[in-house]
1. I'd like to verify a number: residues in region 274-294 that are in contact (Cβ under 8 Å) with a residue 24 or more places away in the chain and not in a helix (DSSP H, G or I), how many?
2. Can you say whether His459 is touching a residue at least 12 places away in the same chain (Cβ under 8 Å) and at positive phi, as far as the supplied structure shows?
3. Failed condition for Ile474, given (1) open to solvent by 10 Å² or more (accessible area, probe 1.4 Å); (2) within 21 Å of Gly420 (Cβ to Cβ), with all others met?
4. Out of (1) crowded, with 23+ Cβ neighbours inside 10 Å; (2) within 18 Å of the chain's Cα centre (by Cα), the odd one out for Arg305 is which?
5. If you go through region 499-514 one residue at a time, do you hit one that is in a loop (DSSP other than H, G, I, E, B), farther than 24 Å from Lys173 by Cβ and without any contact (Cβ under 8 Å) to a residue 60 or more places away in the chain?
6. State the number of residues belonging to region 422-454 that are over 28 Å from Val532 (Cβ atoms) and open to solvent by less than 10 Å² (accessible area, probe 1.4 Å).
7. Do we have Asp362 as modelled with pLDDT of 95 or more, in a loop (DSSP other than H, G, I, E, B) and charged (D, E, K, R) here?
Amino acid sequence: MGFAKKLQSSRLSTAIQQGVSRRLFLRAGLGLGSGTAMLAAAGCGTSIIDPVGIDGFPPSSKLSGNAVRFDHGVASGDPTANSVILWSRVTPVVRSDSDFPVLLEVFSDAAATQKVGEAKVLATAERDHTVKIDQGGLQPGRFYWYRFSCNGSTSILGRTKTAPSSAPAGGLKFGMVSCSSFAHGFFNAYRFLAARDDIDAVIHLGDYIYEYGTNEYGTARAYEPATEIITLSDYRTRHAQYKRADEDLKALHAKHPFITIWDDHESTNNSYKDGAENHSPGTEGVWEQRKAWAVQAYDEWMPIRLPEPGNALKIWRKLSYGSLADIFMLDTRLWGRDVEAGTPVAPDGAANAPERQMLGADQLAFLKDGLSNSRAQWKVIGNQVVFHQWILKPGTEATRVITEQLGPLGALQNVVSPTGLNGDSWDGYTAQRKEIMDHIAGAAGEAIDNVVIVTGDVHSSWVADITYDPNNPIPQAGGYNPVDGTGSIATEFVMPSVTSPGLPIPSELGDAFRLTNPHIKYIDFDRKGYGVLTLAANKAECAYFYVSSISTRENVTEAAGPVFQVNAGGNRIANATLPIVGPLVSPLLASIAPQ
């Protein structure tokens, strides 16, 4: 997450941040080869193994009967009304390149006595001995339990839940998480979310793993491998460590189905279609090959259903939860994104160029068509990077105070026109953001109500109305009334991180920032935790929950944060308040107030 790291390397963060800069030195002589490496060359095969073959097993000439374990637990994901992805991984006791026969059993009861389905598949060395089955024949809105067995060994029993086929009477609840840096602490947020019994699914908004080496970004826990991950073997090893070594992540996967997208760290920091900030071709090989390895390992190790089997790079897709919700999961990283225009966003128009792409034309069409054709009450967009604007208003005392604290970003106080603070977000891709906003607002057709954007990436909590011009108080002229939210066309909830370090900005400066960003209703810069999105016919609510510590697993508590409400058809935060102005900010009001 480039923006947080930029702030963490500023003067303000020097005394706060525990770690050191991301890259201490460049690696050399990795011998990764050269030339053009296409995705197909990485062996990205179908995501789902077809359970058909002789005696119920796919044929294999190297079937092994050696002892195995299920060290990485079980996982489920991408529920439909009658199917769900079920995942596990076989670990041979003695390292083996053989294939292993695996039996999946599915039950309708927690005691595992009422079997309703089974499948026989191979855990192949080609897919790192992972198995992933699209289990059909299930009933809508039901809990199911499942387990895997192989060569006398049996996995833990997992629980999953199918999507409803209509609007459930009790509504829907989705846990929402993002940004889990293993090196920065323990995943206590996962533990509290796993303890809940009221969750339909967990929406993971990216940065499920991190690519850095031990002590490069965080020092709480060591990584496997100890170096930055670059090769297919590296990415597989890091995914394996997360699922094997963290009991809370293992428990969360076993309890609830996941709906996932990657952000940048599943490949490398500030990645985009054709490269990444944290990729040096001279020492780290061809970007297309590294990207292919990263997405192959993701497909193997995550319970995701590819919308195009065999194309592991394409993860943007829609999931339907009856008539109550359609969920659109996007890829704002690897599919269509152009290189970042820079952070902060300079006022030279680069970020506003009409040709700049965040999604790519095909993914943009998928989103627009999906929103227009949806008949669900709520349209939820799962999105990696912040959609609403972060505006620094030049010439104000608030901007001077804020930018003074941001060290290398302090030059912003000299700009002569409004600018965005984070070029890695949608602030750096304003033309495509406006096209999406125009579509929601009905510029070329009927306006679309009840769009809720949920976001990760920035290691902090934000709640905002989506509006064209937050500092223009006249809604009829494309502006926004911060008192009643008139002029808002949608809403956005940005999730806190599970462990990754937050933004090193005092809360008082957050108050100042909100005064030039009146569409932002809530900011928490640093607390770790998760969100719960509750959808009912008449309203949506997002509740924030925070953990007391990530430095230990002992005696950790959970505290409820604020709850924000969106009324059906309102398209704005209904229970928002104006900024709470602290003593530091109060003398600045006259120069900060919108002109």
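The values are calculated or read from the model by the stated rules, or taken from the named source; none is laboratory data. Predicted model only: the values in this text are computed from it and were never measured. Methodologically, a virtual Cβ is constructed for each residue, glycine included, from the backbone with ideal geometry; neighbour enumeration extends over all protein chains shown. For the accessible areas, the whole protein counts, side chains as well, though only heavy atoms, and no ligand, DNA or RNA atoms are used. Shrake-Rupley method; radii C 1.70, N 1.55, O 1.52, S 1.80 Å.
1. 7
2. Details: touching a residue at least 12 places away in the same chain (Cβ under 8 Å): yes; at positive phi: yes.
Answer is yes for this residue.
3. (2)
4. Every listed condition holds for Arg305 apart from (1).
5. No, region 499-514 contains no residue that is in a loop (DSSP other than H, G, I, E, B), farther than 24 Å from Lys173 by Cβ and without any contact (Cβ under 8 Å) to a residue 60 or more places away in the chain.
6. The total comes to 4.
7. On the way: modelled with pLDDT of 95 or more: yes; in a loop (DSSP other than H, G, I, E, B): no; charged (D, E, K, R): yes.
No: the conditions fail for Asp362.
Residue by residue, here is whether (1) modelled with pLDDT of 95 or more; (2) open to solvent by less than 20 Å² (accessible area, probe 1.4 Å) holds:
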{"residue": "Pro506", "(1), (2)": "no, no"}
{"residue": "Leu509", "(1), (2)": "no, yes"}
{"residue": "Asn517", "(1), (2)": "no, yes"}
{"residue": "Arg527", "(1), (2)": "yes, no"}
{"residue": "Val532", "(1), (2)": "yes, yes"}
{"residue": "Cys542", "(1), (2)": "yes, yes"}
{"residue": "Asn555", "(1), (2)": "yes, no"}
{"residue": "Ala560", "(1), (2)": "yes, no"}
{"residue": "Gly569", "(1), (2)": "yes, no"}
